[in-house]
């Protein structure tokens, strides 16, 4: 089943025509409604009349996360605040969070692309879905909720956590579809076995997993543990939340809904288009959003793209799984974590040194976890154990308040953490080593 055949199965030329017209309307819209874009486009002499085809997108400037932070809270909004009905935020660096807003039409758009997402994974009207993504400021839970309602699914909005209760609900209501992070579904499988539940025996057939990077071996483990199809979903709050791209049942790349999210792949060093078929940084333009439409937003995610028609019948381009990032952000249990956030905390605590290292790992069949190694002054390290424990607890508490996830903190002697003549290796991500 294809939710919106008109747009998901368009011929390449029809799609380019739609994209070109929408880009022209977008440029006109932001020049009139957003002061930041108005000034930026005026400074390079670009107006809507300069946009003839989608290829003219190359004339437009990039937008970055820094632009969103520097214009926090409402500087990048193009809609009147009275028309903005929903607000979400995601973590940023040491400064402001990333703020996103939705008009009524934006929520309709979100519902539409999430219905496409669910259908792409194999869902059908009347199915039951258990949504174990977080509800609240994180966009995951509500995005899936809106799409499920739009598609006519029965929704069990469990949100994240309370694993024992999640498993009981799965046993009692036998949902066909499970949506959560990939690390959490593996953790649930382990917990189920400890409770005497065989996770492979149930009505569930489809899993939609995202909000963090995951590998093909993880997919195999999930599918074997749960006896379900495990599909990948891609999204980011700045663009809309989940619903930007989704794997179909053929699992051969994620269909990006390019009539509303126009993708480019660029060389992250030069900003020029990457060679066809090569990896590069994904850049997205939101062609139809109202509250915060973004022009050529640099996602920092490294992918490749495939424009061939898929065996499922969809003609929309497909991006690969995320192969890396061009910045130092890491994603842990769906939360964006920047080393600079931790550094900012440490600089404000007397007795610590500006040398630290973050180790991210994944427990066997379990959740991701973060350990922070922190060098402390000689005097502090040689002090009594009680004072060291107090310092450790203070650092842990302050880091957790910034990151919104639990961490382990280890205090180490000066010069314990390896030094580098070049860029310090602040993060060791063992999940995919």
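Here is how the numbers come out for the structure above:
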| item | result |
| --- | --- |
| Residue that is nearest to the chain's Cα centre (by Cα) [pool: residues in segment 241-261 that are on the phi > 0 side of the Ramachandran plot and in a loop (DSSP other than H, G, I, E, B)] | 253 |
| Residues that are closer than 24 Å to residue 236 by Cα and not in a strand (DSSP E or B), drawn from segment 336-363 | 338, 339, 340, 341, 342 |
| Among residues of segment 47-70, those that are in contact with a strand residue (DSSP E or B) (Cβ under 9 Å, 6 or more places away or on another chain) and part of a loop (DSSP other than H, G, I, E, B), counted | 3 |
| One residue from 245, 230 being touching a helix residue (DSSP H, G or I) at 6+ places or on another chain (Cβ under 6 Å), within 20 Å of residue 2 (Cα to Cα), touching a residue at least 12 places away in the same chain (Cβ under 8 Å) and surrounded by 23 or more Cβ atoms within 10 Å (Cβ to Cβ) | 230 |
| Those residues of segment 298-330 which are modelled with pLDDT under 80 and buried (at least 18 other Cβ atoms within 10 Å of the Cβ), in sequence order | 329 |
| Selection within segment 296-310 - in a loop (DSSP other than H, G, I, E, B), over 18 Å from the mean Cα position of the chain (by Cα) and either in contact (Cβ under 8 Å) with a residue 40 or more places away in the chain or not assigned by TED's automatic domain parsing to the domain that holds residue 83 (or both) | 307, 310 |
| Residues that are touching a helix residue (DSSP H, G or I) at 6+ places or on another chain (Cβ under 9 Å) and either in a strand (DSSP E or B) or surrounded by fewer than 19 Cβ atoms within 10 Å (Cβ to Cβ) (or both), drawn from segment 284-295 | 285, 286, 288 |
| Any hit, segment 361-373, residues being buried (at least 17 other Cβ atoms within 10 Å of the Cβ), in contact with a helix residue (DSSP H, G or I) (Cβ under 9 Å, 6 or more places away or on another chain) and at pLDDT below 80 | yes |
| Residues of segment 161-189 that turn out to be outside any helix (DSSP H, G or I) and either buried (at least 21 other Cβ atoms within 10 Å of the Cβ) or outside the structural domain of residue 118 (by TED's automatic domain parsing) (or both), as a count | 6 |
| Exclusive hit being surrounded by 13 or more Cβ atoms within 10 Å (Cβ to Cβ) and at pLDDT below 75, set 380, 405 | 380 |
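Yes/no matrix, rows are residues, columns are (1) modelled with pLDDT under 95; (2) in contact with a helix residue (DSSP H, G or I) (Cβ under 8 Å, 6 or more places away or on another chain); (3) under 23 Å from residue 236 (Cα atoms):
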{"site": "28", "(1), (2), (3)": "no, yes, no"}
{"site": "36", "(1), (2), (3)": "no, yes, yes"}
{"site": "45", "(1), (2), (3)": "no, no, no"}
{"site": "50", "(1), (2), (3)": "no, yes, no"}
{"site": "58", "(1), (2), (3)": "no, no, yes"}
{"site": "61", "(1), (2), (3)": "no, yes, yes"}
{"site": "70", "(1), (2), (3)": "yes, no, yes"}
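The values are calculated or read from the model by the stated rules, or taken from the named source; none is laboratory data. Quantities reported herein were computed from a predicted structural model and do not represent experimental measurements. Glycine also receives a Cβ, built like all others from the backbone with ideal geometry; neighbour counts cover every protein chain displayed.
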